[in-house]
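Encoded as C-alpha cells, the structure appears first; notes follow it.
The values are calculated or read from the model by the stated rules, or taken from the named source; none is laboratory data. Only a predicted model underlies this, so the values are computations on that prediction, with no experimental measurement involved. Neighbour counts are summed over all protein chains in view; Cβ atoms, including those assigned to glycine, are modelled from backbone coordinates with ideal geometry. In case anyone asks, the SASA skips ligands and DNA or RNA and just uses the protein heavy atoms, side chains included. Shrake-Rupley method; radii C 1.70, N 1.55, O 1.52, S 1.80 Å.
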Amino acid sequence: MFRQHKDVLQRKSSEKVIHRGEASDWRIPRQMGSLGPKAMITGGTGYSGFHLCRVLLQEGIGVVLLDRHEPKWELPKGAVFFQADVCDYEKVFQASEGIDTIYHLASFGMSGGEQLKKLKEIDSINVGGTKVIIDVCKSRNISRLIYGSSVIVIFGGDPIEDGDETLPYYPLEKQPDNYSKSKTIAEQMILAANGAPLQDGETLRTCALRPPGIYGPGDNKHISRFIKIIQGYLLYVTFDTMGTWTNWVHIYNLTQAYLLARRALTAERNFIASGQAYFINDGEKINFFKWTSVLYEKLGHLKPRLVLPGYFLKIIVTLLEHLYWLLHPIFHFIPFLTKREVGHILVTYTFRIDKARKQLGFHPKKYSLAEVVDDYLQRKSMHEDKGNPSP
C-alpha cells in the first residue's frame, strides 16, 4: 500500500492524491515516508495554505492538506491531501494522526459575495471549525497550533495608524460584518487554549498571525478581482483616497512568518510565541488606488482622468448592497465591492511589525505588485493559448 501511494504522489496534477476520509486503515505517517516532523494545514488547498505547504516541505516537514475542495495546483511531493470539512471532528481527527503542528487557515466569508452570507453559515466554519481543531489538538496531543487570523480582529472601521499588539479587540457588537465577528471569536478561542495540558504531559502552545490583504505569484483571487473591477467599472473613473493608508503582505513574507511562528513555539526558542498574536505585513504602508494603478498600464489602458471624491464610492456601493438584498431571492447579483471592503479603502489602518521582528525574527523582503501582475497575465495567456480556462 505504501508503494502504491508513493507512486501516486509523484504523478502529475491530473492524478492528485485525494483521500476523503472513509478508509479506516489509511495512515498519514506511512504516506510521508522518511520525512521528519509533520504538519497539517486546514484550508490547505487555498492560496496561503498551498504556498505554506511548499515552504514546510523544503524544511523537511511532511504536510497534510485538509480542505473541502480539491487542490487547484499540482500536489507537491511529500504532501498528502485529505478531503474533509474542518467542522467534521471524526475526519479531522483521522487526518491528524502523526501530526505535531496544525496551521489553522480554514475560513469562510472573507470577501465579495461570501461576506453577504448569513451568520450561521460563516460562524459554523470559522468558530465551529476552530473548536474542532482545538479539541483535536487535545485528543491527539498536538502541541503546536498556529492560527491564520486577520487585522480585522482589531480594525472595525475606525482609523488606526501604526497600531501594535497592545490594541484591544474591536468590540463584537460593533463589528461591521459576520466574518469579522467570527474571526475575532476564533482568535480569542485559539489564544485562550494556550497552556492547556495534553494527555502525554506536554502543553498546547498556540499563537495567531494577523495579516492584512495577501498578494503574490499564483494569486487567482485578488489580482483577477482587481482586474475585473477595473475593466468592468473603473476604466474611465477612479476615486480620490489620497491620505488613506493600509498594509498588504506578499505571500513569501507571510509564509516566512508562519515558519518562524512554528519555531517560536518550541523549547529551543523558550516558547516565546506561546499565547501571542502578531501583525504581519510587508513593513510598509500603501495607498490602495495608487498601489493598484499599475494595473492600468499592464492592461494597456490609460489611467482615468475623472477622479471622484472617495465618499462617492461609499454611496454607490451602499446602494448596490441594498439592491443585492432586494434582488437576491430572484436574481443572482453580486456587488463589485461590499461596504466593508470600501470601508477598508477609505480609512487609514496600518500596523507595526516590531513585535514579529523582535520575537519571531521576521524580516520581510520588498516585492513589487507589478511583478505579480506580470506573472498573473503571463499564466493567463499560457492557459488561453492551450485552450484552457483562465487561472
Query raised in the report: How many residues are modelled with pLDDT under 90 and more than 25 Å from residue 300 (Cα to Cα) when one looks only at segment 224-256?
Result: 1
Query - Every pair of residues 6+ apart whose Cβ atoms lie under 8 Å, when the first sits in segment 72-84 and is basic (Lys, Arg) while the second is surrounded by fewer than 23 Cβ atoms within 10 Å (Cβ to Cβ) - result: 72/45; 72/220; 77/9; 77/10; 77/57
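Conditions tested, residue by residue: (1) part of a loop (DSSP other than H, G, I, E, B); (2) surrounded by fewer than 20 Cβ atoms within 10 Å (Cβ to Cβ).
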{"site": "55", "(1), (2)": "no, yes"}
{"site": "60", "(1), (2)": "yes, yes"}
{"site": "69", "(1), (2)": "yes, yes"}
{"site": "75", "(1), (2)": "yes, no"}
{"site": "80", "(1), (2)": "no, no"}
{"site": "87", "(1), (2)": "yes, yes"}
{"site": "90", "(1), (2)": "no, yes"}
{"site": "98", "(1), (2)": "yes, yes"}
{"site": "103", "(1), (2)": "no, no"}
Requested in this report: Check segment 162-173 and report whether any residue there is hydrophobic (A, V, I, L, M, F, W, C) and either open to solvent by less than 40 Å² (accessible area, probe 1.4 Å) or outside any helix (DSSP H, G or I) (or both).
Outcome: yes
Query raised in the report: Do any residues in segment 310-331 that are among the hydrophobic types (A, V, I, L, M, F, W, C) have Cβ atoms under 6 Å from those of residues that are open to solvent by 40 Å² or more (accessible area, probe 1.4 Å) and in a helix (DSSP H, G or I), where the two are at least six apart or on different chains, and which pairs are they?
Result: 317/339
Query raised in the report: Just one of the numbered conditions (1) among the hydrophobic types (A, V, I, L, M, F, W, C); (2) within 30 Å of residue 381 (Cβ to Cβ); (3) open to solvent by less than 10 Å² (accessible area, probe 1.4 Å) is not true of residue 214; which one?
Result: (3)
Requested in this report: Out of the residues in segment 294-339 that are loosely packed, with under 14 Cβ neighbours inside 10 Å and aromatic (Phe, Trp, Tyr), state the one that is farthest from residue 175 (Cα to Cα).
Outcome: 331
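Let's see how each residue does on (1) in contact with a helix residue (DSSP H, G or I) (Cβ under 8 Å, 6 or more places away or on another chain); (2) under 25 Å from residue 156 (Cα atoms); (3) of a type outside the set (D, E, K, R):
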site	(1), (2), (3)
280	yes, yes, yes
318	yes, yes, yes
326	no, no, yes
334	yes, yes, yes
345	yes, yes, yes
355	no, yes, no
361	yes, no, yes
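Does residue 267 meet the test of being surrounded by 20 or more Cβ atoms within 10 Å (Cβ to Cβ) and of a type outside the set (Val, Ile, Thr)? Can you show your working first?
Numbers: surrounded by 20 or more Cβ atoms within 10 Å (Cβ to Cβ): no; of a type outside the set (Val, Ile, Thr): yes.
Here the answer is no, as residue 267 does not meet what is asked.
Could we say that residue 208 is at negative phi and touching a Ser or Thr at 6+ places or on another chain (Cβ under 6 Å) here?
Working: at negative phi: yes; touching a Ser or Thr at 6+ places or on another chain (Cβ under 6 Å): yes.
Yes, satisfied.
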Report summary line: Residue count, segment 218-240, condition within 26 Å of the chain's Cα centre (by Cα) and of a type in the set (Ser, Thr, Tyr), comes to 1
Requested in this report: Out of the residues in segment 143-161 that are in a loop (DSSP other than H, G, I, E, B) and over 18 Å from the mean Cα position of the chain (by Cα), state the one that is surrounded by the most Cβ atoms within 10 Å (Cβ to Cβ).
Outcome: 156
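Any residue at all in segment 307-325 that's within 30 Å of residue 278 (Cβ to Cβ) and either modelled with pLDDT under 90 or not basic (Lys, Arg) (or both)? Let's see the steps before the verdict.
Let us first name the residues in segment 307-325 that are within 30 Å of residue 278 (Cβ to Cβ), namely none.
No - not one qualifying residue is present in segment 307-325.
Filter segment 217-250 down to residues that are within 30 Å of residue 274 (Cβ to Cβ) and touching an Asp or Glu at 6+ places or on another chain (Cβ under 7 Å) and give me whichever is most open to solvent (accessible area, probe 1.4 Å).
As a first pass, look at segment 217-250 and keep what is within 30 Å of residue 274 (Cβ to Cβ): 246-250.
Pick out the ones that are also touching an Asp or Glu at 6+ places or on another chain (Cβ under 7 Å) and you get 247-250.
Numbers: 247: 9, 248: 31, 249: 0, 250: 5 Å².
For segment 217-250, the residue satisfying everything is 248.
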